[in-house]
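Worksheet: the structure to be examined is printed underneath.
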Amino acid sequence: MDAELFPRPRTQIAPGAVHLPGWLDTDRQRELLAACRDWARPPAGLRTVRTPGGGTMTARQVCLGWHWYPYGYARTVVDGDGTPVKPFPDRLGDLGRRAVRDAVGEDVAAYDIALINFYDADARMGMHRDSDEKSDAPVVSLSLGDTCVFRFGNTETRTRPYTDVELRSGDLFVFGGPARLAFHGVPRVHAGTAPPELGLTGRLNITLRVSGL
Ligand SMILES: O=C(O)CCC(=O)C(=O)O
Ligand SMILES: [Fe+2]
């Protein structure tokens, strides 16, 4: 994992959107995975998100700090077990600030939301914007486990032009500035590609946001 045959360079995908491959070392990935397993436990644990149209999201989710539901934020799991959302841990705030400094060289106000998405082999996420926040601070995205195709588009439409980026375990992706409201999604997860030493079947994504609430 640490010694890739072809090292992947840091890449600007669009103005304000940067991919930093292998940003988390194996120990950091293991620590985060262990924490995600704790956060996924009830109460206020991993849940299936229902959309207003009657559908369900295939990636299951747990939130910290503020509870996201389609389409807003609450302090309790209003569309689930009704319990208070788990607190946002300081160490995720530190990680988020460090990520933004490394990616775009900015100092950002305190992160206070984490969304943890769990994808099994068949899970996907449709093209959407992260637009329920009242802050334009960059969104920080960390990937663990299976490799996925992350589709990063434009701010106008769900369709082309977009760029498909392979996100692997340990990768960081930050989008802010002119890319903060770009459409993005996960059309595909490559099952069985997680680094064996991590011990995760599937993919986890940790998204950090500033609520401005
Ligand atoms: O899983 C990912 O990489 C993206 C997650 C995402 O876009 C979101 O939670 O809003
Ligand atoms: Fe998103």
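Read-outs throughout are calculated quantities, based only on the coordinates presented, and are distinct from any laboratory measurement. Everything numeric here is computed off the predicted structure, so don't read it as measured data. So basically every Cβ, Gly included, is an ideal-geometry build from the backbone, and we count neighbours across all protein chains shown.
See the values below:
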{"read-out": "Meets criteria (loosely packed, with under 14 Cβ neighbours inside 10 Å, among the hydrophobic types (A, V, I, L, M, F, W, C) and farther than 16 Å from Leu208 by Cβ) for Ala121", "value": "yes"}
{"read-out": "Pair list, Cβ < 8 Å and 6+ apart or interchain, from segment 66-95 residues that are touching a residue at least 24 places away in the same chain (Cβ under 8 Å) to residues that are polar (S, T, N, Q) and outside any loop (DSSP other than H, G, I, E, B)", "value": "Trp68/Gln61; Thr83/Thr76; Pro84/Thr76; Val85/Thr76"}
{"read-out": "Failed item, numbered, when Cys36 is tested on (1) in a helix (DSSP H, G or I); (2) out of contact with any strand residue (DSSP E or B) (no Cβ under 9 Å at 6 or more places or on another chain)", "value": "(2)"}
{"read-out": "Number of positions in segment 180-213 that are within 13 Å of ligand 1 (Cβ to nearest atom) and under 26 Å from His67 (Cβ atoms)", "value": "16"}
{"read-out": "Enumeration of residues in segment 159-168 that are more than 16 Å from ligand 2 (Cβ to nearest atom) and part of a strand (DSSP E or B)", "value": "Glu166"}
{"read-out": "Segment 63-75, residues that are under 21 Å from Gly96 (Cα atoms) and within 15 Å of ligand 2 (Cβ to nearest atom)", "value": "Cys63, Trp66, Trp68, Tyr73"}
{"read-out": "Conditions (1) in contact with a Gly (Cβ under 8 Å, 6 or more places away or on another chain); (2) in contact (Cβ under 8 Å) with a residue 60 or more places away in the chain; (3) surrounded by fewer than 23 Cβ atoms within 10 Å (Cβ to Cβ): number failed by Pro138", "value": "(3)"}
{"read-out": "Subset of segment 59-84 (residues that are under 15 Å from the mean Cα position of the chain (by Cα) and assigned to a loop (DSSP other than H, G, I, E, B))", "value": "Ala59, Gly65, Trp66"}
{"read-out": "Candidate set from segment 98-150 (those that are β-branched (Val, Ile, Thr) and away from ligand 2 (no atom under 15 Å from the Cβ)); member that is nearest to Trp23 (Cα to Cα)", "value": "Val100"}
{"read-out": "Number of the condition not met by Val104 [criteria: (1) within 14 Å of ligand 1 (Cβ to nearest atom); (2) touching a Gly at 6+ places or on another chain (Cβ under 8 Å)]", "value": "(1)"}
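Residues are listed down the side, and each one gets a yes or a no for (1) surrounded by 13 or more Cβ atoms within 10 Å (Cβ to Cβ); (2) closer than 18 Å to Leu204 by Cα:
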| residue | (1), (2) |
| --- | --- |
| Arg47 | yes, yes |
| Cys63 | yes, yes |
| Gly72 | no, no |
| Thr76 | yes, no |
| Gly82 | no, no |
| Asp94 | no, no |
| Arg98 | yes, no |
| Ala103 | yes, no |
